[in-house]
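The values are calculated or read from the model by the stated rules, or taken from the named source; none is laboratory data. Note that the structure is predicted; figures quoted are calculated from it, not measured. FYI the Cβ positions are ideal-geometry reconstructions off the backbone, even for glycines, and counts take in every protein chain you see.
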């Protein structure tokens, strides 16, 4: 294998917060999405909150207003958005968490929360 010259370009610093999808839980009441997550959801104004109890995963999926949809509040500069879901987070026993890696796919933003999931009554 041959060597190649490393070409360092000033001003081309990659900030992981702006390029990789992350979510955060803020004050136990809001799920915040960073810019890649917001861009992936496009112009969605509402999202569905989905829970996979077996895998311990949560997903936010684009939705229409009404029913079980939550409003997606965007920041003025469009770099972040949040969903207010205090009751959901308190039922799962989730408090403040920062920089939780997210996966984008299937029209959803998917991530894992450290939660206390109660088994479903059967």
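Close contacts from the stretch 54-73, counting a first residue that is at positive phi and modelled with pLDDT under 95 and a second that is surrounded by fewer than 17 Cβ atoms within 10 Å (Cβ to Cβ) and part of a strand (DSSP E or B), with Cβ to Cβ under 7 Å and a gap of 6+ residues or different chains, come to 56/112.
I'd like to know if the stretch 27-45 contains one or more residues that are under 13 Å from the mean Cα position of the chain (by Cα), modelled with pLDDT of 90 or more, surrounded by 18 or more Cβ atoms within 10 Å (Cβ to Cβ) and under 16 Å from residue 115 (Cα atoms). Among the residues of the stretch 27-45, at least one is under 13 Å from the mean Cα position of the chain (by Cα), modelled with pLDDT of 90 or more, surrounded by 18 or more Cβ atoms within 10 Å (Cβ to Cβ) and under 16 Å from residue 115 (Cα atoms), which makes the answer yes. Is it fair to say residue 59 is touching a helix residue (DSSP H, G or I) at 6+ places or on another chain (Cβ under 6 Å) and closer than 22 Å to residue 28 by Cβ? The answer is no for residue 59.
In this structure, residue 104 does satisfy being farther than 14 Å from residue 25 by Cα and in contact (Cβ under 8 Å) with a residue 12 or more places away in the chain.
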